[in-house]
Amino acid sequence: MRIEIERSGGFAAMLVKATIDTRSLSAEQAKELESMVNAAGFFELPAKAASPPGGADQFNYKITIKVGDKKHTVETNDEAAPASLRPLLIRLMTIARSSGRSQRQRI
C-alpha cells in the first residue's frame, strides 16, 4: 500500500507532504495501517469532505491511498473529517514526522 498525505494550513501556514509505502515499514506497522484504512472505510469516503473556510489554525488534508489497482483520494479538513478517518490522520502524521519522510515548507 502506498499512502501520500499533504497537510496544509494551521497557524504557521506550513505545508507538510509525506509518502509512506507500507513495504518500508515493519510488518506490525504495515498491518496496523492496513487495519486503520479498513476501519476508516477509506475507499468508501467521498472525495471531498470539507467545511466552509474556518479559522486560520485549521488544517487541510489530502490523502491518496493506492492498493494494487485501487486508488482513492480524500480531501478534508479538521472540522469536516469523518470520525472514522481521524485516527488514521493522526497515525499518518505521526509516522511522517517520526520517520523523516515528510517535507515541510511555508506556504
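Within region 47-67, count every residue that is farther than 16 Å from Met93 by Cα and at pLDDT 95 or above.
Our first condition is that a residue be farther than 16 Å from Met93 by Cα; within region 47-67, this holds for 47-57, 66-67.
The next check asks that each one be at pLDDT 95 or above; those that pass are 47, 66-67.
Number of matching residues: 3.
Scan region 1-27 for residues that are touching a helix residue (DSSP H, G or I) at 6+ places or on another chain (Cβ under 6 Å) and not aliphatic (A, V, I, L, M) and jot them down.
Across region 1-27, the qualifying residue is only Thr22.
For every residue, the table says whether it meets (1) in a strand (DSSP E or B); (2) surrounded by 15 or more Cβ atoms within 10 Å (Cβ to Cβ).
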{"site": "Ser8", "(1), (2)": "yes, yes"}
{"site": "Lys17", "(1), (2)": "yes, yes"}
{"site": "Glu28", "(1), (2)": "no, no"}
{"site": "Asn38", "(1), (2)": "no, no"}
{"site": "Pro46", "(1), (2)": "no, no"}
{"site": "Lys71", "(1), (2)": "yes, no"}
{"site": "Glu75", "(1), (2)": "yes, yes"}
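Under 8 Å between Cβ atoms, at least 6 apart or on separate chains: pull out the pairs that start in region 1-27 with a residue that is without any contact (Cβ under 8 Å) to a residue 40 or more places away in the chain and end on any residue that is part of a helix (DSSP H, G or I).
Thr22/Gln29; Thr22/Ala30; Thr22/Leu33; Thr22/Glu34; Arg23/Ala30
Can you tell me which residue in region 28-47 is nearest to Glu4 (Cα to Cα), limited to those that are of a type in the set (D, E, K, R) and touching a residue at least 24 places away in the same chain (Cβ under 8 Å)? Break it down stepwise before answering.
We begin by selecting, within region 28-47, every residue of a type in the set (D, E, K, R); these are 28, 31-32, 34, 44.
In the following step, the residues that additionally are touching a residue at least 24 places away in the same chain (Cβ under 8 Å) were identified as 32, 34.
Numbers: Glu32: 17, Glu34: 14 Å.
Step by step, filter region 28-47, then rank; the result is Glu34.
Yes or no: Lys66 free of Cβ contacts under 8 Å to residues at least 24 places away in the same chain, within 14 Å of Met1 (Cβ to Cβ), outside any helix (DSSP H, G or I) and not aliphatic (A, V, I, L, M)?
On the way: free of Cβ contacts under 8 Å to residues at least 24 places away in the same chain: no; within 14 Å of Met1 (Cβ to Cβ): yes; outside any helix (DSSP H, G or I): yes; not aliphatic (A, V, I, L, M): yes.
In short, no.
The values are calculated or read from the model by the stated rules, or taken from the named source; none is laboratory data. Note that this is a predicted model, so its numbers are computed, not measured. Positions of Cβ are backbone-derived with ideal geometry, glycine not excepted, and every protein chain shown enters the neighbour counts.
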